[in-house]
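Written out below as structure tokens is the structure these notes cover.
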Number of protein chains: 4
Amino acid sequence: MAVLGAAGRMGSTTTAAVRAADGLELVAELGEGDDVAALTGVADVAIDFTVPEVTEANVHALLDAGVHAVVGTTGWDAAALGRVRAHASTRPDVGVLIAPNFALSAVLAMRFASVAARYFASAEVVEMHHPRKLDAPSGTAVHTAHGIAAARAEAGLGAMPDATATSLPGARGADVDGVNVHSLRLAGLVAHEQIFLSNPGELLTIRTDSFDRVSFMPGVLLAVREVAARPGVHVGLDTYLDL
Amino acid sequence: MAVLGAAGRMGSTTTAAVRAADGLELVAELGEGDDVAALTGVADVAIDFTVPEVTEANVHALLDAGVHAVVGTTGWDAAALGRVRAHASTRPDVGVLIAPNFALSAVLAMRFASVAARYFASAEVVEMHHPRKLDAPSGTAVHTAHGIAAARAEAGLGAMPDATATSLPGARGADVDGVNVHSLRLAGLVAHEQIFLSNPGELLTIRTDSFDRVSFMPGVLLAVREVAARPGVHVGLDTYLDL
Amino acid sequence: MAVLGAAGRMGSTTTAAVRAADGLELVAELGEGDDVAALTGVADVAIDFTVPEVTEANVHALLDAGVHAVVGTTGWDAAALGRVRAHASTRPDVGVLIAPNFALSAVLAMRFASVAARYFASAEVVEMHHPRKLDAPSGTAVHTAHGIAAARAEAGLGAMPDATATSLPGARGADVDGVNVHSLRLAGLVAHEQIFLSNPGELLTIRTDSFDRVSFMPGVLLAVREVAARPGVHVGLDTYLDL
Amino acid sequence: MAVLGAAGRMGSTTTAAVRAADGLELVAELGEGDDVAALTGVADVAIDFTVPEVTEANVHALLDAGVHAVVGTTGWDAAALGRVRAHASTRPDVGVLIAPNFALSAVLAMRFASVAARYFASAEVVEMHHPRKLDAPSGTAVHTAHGIAAARAEAGLGAMPDATATSLPGARGADVDGVNVHSLRLAGLVAHEQIFLSNPGELLTIRTDSFDRVSFMPGVLLAVREVAARPGVHVGLDTYLDL
């Protein structure tokens, strides 16, 4: 086990979690400028919590080194993914997981929302974060709304019922693929999401609360333990879960 | 006890509730065109669940008849209220309660929100209603936000923290006096509100769920039983509660 | 489409829902003493919302008549199920669904809880019902707890962490297969359940609220539309869902 | 400002909060064996986050020194309180606040629950804590239940409706003065409480979530700023709030 970006916030939380975990051994902590190629034959798995500017280069280097890669760094676009997939096809023994979110509760909530969406007349998403957050809605909420919209489209459901005739600007939230998303910014919170799905007489609510960065660690450790058994490039921790 | 607008949705629910209540006797059910003056000496208390067009005239007639009035009809503005107050000052023995909302949980939630607001860094309001509702946000949510804003101003609190730099239109809700309000429309729901108040490390949530019109009846009966003991014009059921 | 037990609470709600549904035609409403055999060649599907004493006989008669059966009546035990399975094996063209719960939100919540349980350190169940309910915990909550316990066992998880040393009797709820279940009885509620699943730093909550008997109708209609395409005996609406 | 027990968990969180607060100056941090009398003329206010064994002696010494005292240490019984009240009556210029809980959301929730309880047919309490907690229910939940029970008794409400006839042991929770209290223990949680109050057709829920020890600091700072203006002995942070 090696950690790339070991001095960062996620990296240092990860090194602590790996040290405390049964059956995992931390053999290297890499920072800015360290040589990924040096991991060849030293580490079986590497976790990348670096920055968008270097993460793709790191994954190519890990593929060259024959080291399985678990990547939590954000900023991947389709072009970068395509280059990694092409490279990985030449190393069919190596596993790569690129996951924007390691919080199991968030990953499961998104999956459950998209599974359930086809069975409900209405669905809306409320996300709550600390007020230092720069963007609204959160990426997780947008991703959740996309999943709901895709499921509704596949099931042949039309637009949701909504008779709103007069509204203050913004009251009905942001429209993401026809799903209304609402963003709250509250001092002291971390990352929280509520998904509401309803039919006449019933309401299904799926809620996730992340209080602390350690909430990502069960997902990170699960990925580290599985990546060697899943060759090829996978995107999203949900691809590793038995759902 | 008399019910004005007895054939309407709220009126008929009220007549049923009065009949089932201990110590209350229903002596008259009035509909469109019936003469309110006929209640003189017949009823001690009258409940008005009519329509905005006639409710003020009803209250004047009840004052003339010396009948205490509990009014649930909406649409009162400052001018109408002023005229009723002037009239009532000539009948100091008669009580009038004008209440836009008889749901005890909603009335208490608004009061609690305004009491608590001065102690928290952040506050936002989420309301959820059936999708046949025409306006957004709901009147209750707007009223709740006004109460929060007034309490914050009185306590000398400034704007809430919010670093949002990029946002989809509507994501951050409607701005009501500096309090963000979010409106969800979900098939099968009735009337629901969540008020979030937070500080570093803590979140206080006050939630009300109204599933059915009968939820207004405890508040209506409380008002009917109290109105004779509270002469003068009172606005809002909270003025009757021991808070 | 025929409804057996059409005069009962669920039966009458069902006949109304079938009449309002696109593409379904109600051809018969049967009550006590009516002859199920008369449905031969008349109805393609029948819904049974009768009573435990007659439901098994009804299903055998429907199998004889070649009518697909959707059964919402409770009280089925293993012996009765075995007899129906044996009979159904002689009519491989007929579908039978026996479902104790048609509320989609409750059925999905149970499934999601058992899918998620293997990924969380702790899980507990809180159910809330009207105070006229005779048993505690509810059958749905017990079923949910069984699903969580089975998933934890399959994943090799041991007992949940709990250092409780001193406790008032009952504070920690009922132990159902090692999962703590808590029952609240609150005036005015209908049927509600909250499932809590947690790890360090995160909490996943799945909540269902049923406000009204009509909440069962989307599930009933889904079953009616699917039963002909699913020959054999199936137990639980979840067997019909794409999960 | 002085902090007694400055090296402890709460003490060190408090010294950090005082240092970061506008208008407060930290002049002394005392630990085990340090002499409280030395604060005479040095500090105007002292906060005691020590241990039950020494807190009463500290308060007597602070009264002798003419230093206002804010006490967060638990373990006070009626006898100790009586001795401090007697002593304080000889120092009418000095304020003493003894508060078992400085979390504003928890203090407000308890107050709101007891204010609301008289207006609802049913009330139950659910508390959720980390699984290292030794006792169940939590002191806060027991205190909440006492407040609800007292309010119901004062309003002349009888026992809550509950038709439970068959129950698994513990399902209905612990009976605290006739109020059912349910304790959940979930890995990763800190301190959380939900209070449910219901009537036909409506549910009022008051929920508090404490994610972190810093949640006590707004209440501690409020007390420190107010104590000099409130001579005499006060018990409970709610006595300082405008409720």
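The values are calculated or read from the model by the stated rules, or taken from the named source; none is laboratory data. Predicted model only: the values in this text are computed from it and were never measured. Using ideal geometry, Cβ is built from the backbone for each residue, glycine included, and neighbour counts are taken over all protein chains shown. We work out accessible area using only protein heavy atoms, side chains counted, and drop any ligands, DNA or RNA first. Shrake-Rupley method; radii C 1.70, N 1.55, O 1.52, S 1.80 Å.
Computed with a 1.4 Å probe over protein heavy atoms only, the accessible surface of segment D:84-222 comes to 31 Å² per residue.
Using DSSP to call loops (not H, G, I, E or B), can you name the GluC sites (Glu not before Pro) in segment A:24-66 whose Cβ has at most 13 other Cβ atoms within 10 angstrom? In loop regions of segment A:24-66 (DSSP not H, G, I, E or B), the sparsely surrounded GluC sites (Glu not before Pro) are A:E25, A:E32. The Cα center of segment A:133-154 and the Cα center of segment D:83-142 differ in position by 41 Å. Taking every DSSP beta bridge that has both ends in the protein assembly as shown, the antiparallel portion is near 50%.
Rolling a 1.4 angstrom probe over segment A:123-243 with all protein chains present gives an accessible area of which 55% lies on carbon and sulfur atoms. Measuring from label point to label point, each 7 Å out along Cα→Cβ, what is the C:A165 to B:D177 span in nm? About 5.0 nm, to one decimal. Listed by chain and number, the aspartates and glutamates placed with their C-alpha closer than 13 angstrom to that of A:K133 are B:D162; residues fewer than eight positions away on the same chain are left out. Taking a cut-off of 11 Å, what percent of all Cα-Cα pairs in segment A:34-78 are separated by more than that? The share of Cα pairs beyond 11 Å in segment A:34-78 comes to 61 percent.
A compact globular protein would have a Cα radius of gyration near 2.2 N^0.38 Å; the ratio found for the protein assembly as shown is 1.03. For the protein assembly as shown, a crude dipole built from +1 on the beta carbon of Lys and Arg and -1 on the beta carbon of Asp and Glu, taken about the Cα centre, is about 0 debye to the nearest 20.
What accessible surface, in Å², does a 1.4 Å probe find on A:D177, ignoring ligands, DNA and RNA and rounding to the nearest 10? Its heavy atoms expose roughly 100 Å² to the probe.
Loop-resident GluC sites (Glu not before Pro) (DSSP state other than H, G, I, E or B) in segment A:158-243 with no more than 16 further Cβ atoms inside 10 Å of their Cβ are absent. Relative contact order of segment B:1-115: 22 percent, from C-alpha pairs under 8 Å at least 6 residues apart in sequence. When DSSP beta bridges are restricted to pairs lying wholly in segment D:104-211, around 75% turn out antiparallel. Please state the relative contact order of chain D as a whole percent: Cα pairs under 8 Å, 6+ residues apart? About 23 percent, as a whole number.
The three principal axes of the C-alpha atoms in segment D:104-211 carry coordinate ranges of 39, 37, 24 Å, sorted with the longest axis first. Could you work out the mean count of beta carbons from other protein chains within 10 Å of each residue's beta carbon in A:97-110? If you average over the peptide's residues, the count of other-chain Cβ atoms is 3. For the segment A:131-138, counting C-beta atoms of other chains within 10 Å of every residue's C-beta and taking the mean gives 6. Relative to the Cα centre, the charge distribution of segment D:91-189, modelled as +1 at Lys and Arg Cβ and -1 at Asp and Glu Cβ, gives a dipole magnitude of about 220 debye. Centre-to-centre, using Cα atoms only, segment A:198-223 and segment B:198-243 are separated by 34 Å.
Bridges between two residues of chain B, per DSSP, are antiparallel at a rate of about 45%. For the chain pair B and D, buried accessible area totals roughly 2600 Å², probe 1.4 Å, rounded to the nearest 100.
Residue by residue, segment C:130-138 carries 3J(HN,Hα) couplings of 4, x, 8, 5, 8, 10, 9, x, 5 Hz when phi is fed to the Karplus relation 6.51 cos²θ - 1.76 cosθ + 1.60 (θ = phi - 60°); x denotes Gly or Pro.
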